[in-house]
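The values are calculated or read from the model by the stated rules, or taken from the named source; none is laboratory data. Since the model is a prediction, treat every value here as computed from it, not as a measurement. Methodologically, a virtual Cβ is constructed for each residue, glycine included, from the backbone with ideal geometry; neighbour enumeration extends over all protein chains shown.
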Amino acid sequence: MATVFWDAKGVILLDILPQGQCINAALYCSTLDRLKEAIRRKRPGLLRRGVVLQHDNATPHSANLTQQWLQRYGWEILPHPAHSPDLAPSDFHLFGPLKSHLGGMAFETEDDLISELRNWFDNLDVDFFRVCIHSLLSRWQKCIDLHGDYVEK
């Protein structure tokens, strides 16, 4: 499993869970530790200005241990409505093109797949990320304007 943390400027951290390992709150908190360090390196000053993180309400994200970690560092969490992939930037903007890119490829080893993932993310134009973040605002506004009944039928 790959966890991707990104913003309007690009990928901040690509974290790969070792094969056969399951994510839990402790593991997610160690990922957040790596994210904090990656932010310090790649986005100087952001930790002082304040981190705003959007993640869903999966158990590792909502666990007490994770909530304590987030409080300790003062990170703000954007609310994410359940069952709303069209309001999750990775779901509506990132994973589709990634799946399309990987479609039909076969990898001999897990390392080959990880290398391809890193290469794909490294070669995305910064506009790819900027456009997504800006489109999120209009998606949220549409949801608000339609009082949550924003799914096209």
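Looking only at residues that are surrounded by 11 or more Cβ atoms within 10 Å (Cβ to Cβ) and without any contact (Cβ under 8 Å) to a residue 12 or more places away in the chain in the range 101-118, which one is farthest from the chain's Cα centre (by Cα)? Can you show your working first?
Let us first name the residues in the range 101-118 that are surrounded by 11 or more Cβ atoms within 10 Å (Cβ to Cβ), namely 101-102, 107, 110, 112-118.
From what is left, the residues that are without any contact (Cβ under 8 Å) to a residue 12 or more places away in the chain are 107, 112-113, 115.
Numbers: 107: 24, 112: 22, 113: 19, 115: 19 Å.
Ranking the qualifying residues of the range 101-118, first place goes to 107.
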| So is residue 85 under 17 Å from residue 133 (Cβ atoms), loosely packed, with under 14 Cβ neighbours inside 10 Å and at pLDDT below 85 or not? | yes
| request: Give the residue that is surrounded by the fewest Cβ atoms within 10 Å (Cβ to Cβ), with candidates limited to residues of the range 127-139 that are modelled with pLDDT under 85 and in contact with a strand residue (DSSP E or B) (Cβ under 9 Å, 6 or more places away or on another chain). | output: 133
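Tally the residues that are surrounded by 11 or more Cβ atoms within 10 Å (Cβ to Cβ), at pLDDT 85 or above and in contact with a strand residue (DSSP E or B) (Cβ under 6 Å, 6 or more places away or on another chain), restricting the search to the range 67-80. Walk me through it before giving the result.
First, pick out the residues of the range 67-80 that are surrounded by 11 or more Cβ atoms within 10 Å (Cβ to Cβ): 67-70, 73, 75, 77-78, 80.
Next cut, at pLDDT 85 or above only: 67-70, 73, 75, 77.
Filter again for in contact with a strand residue (DSSP E or B) (Cβ under 6 Å, 6 or more places away or on another chain), leaving 75, 77.
Summing the residues that are surrounded by 11 or more Cβ atoms within 10 Å (Cβ to Cβ), at pLDDT 85 or above and in contact with a strand residue (DSSP E or B) (Cβ under 6 Å, 6 or more places away or on another chain) in the range 67-80 gives 2.
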| query | Being at negative phi and modelled with pLDDT of 85 or more, is that true of even one residue in the range 91-98? | reply | yes
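Within the range 1-66, which helices (runs of 4 or more DSSP H) (wholly inside it) include 3 or more residues that are in contact with a helix residue (DSSP H, G or I) (Cβ under 8 Å, 6 or more places away or on another chain) and either modelled with pLDDT of 90 or more or exposed (fewer than 12 other Cβ atoms within 10 Å of the Cβ) (or both)? Lay out the reasoning, then the answer.
Numbers: elements: 25-42, 46-49, 59-62.
It comes to 25-42.
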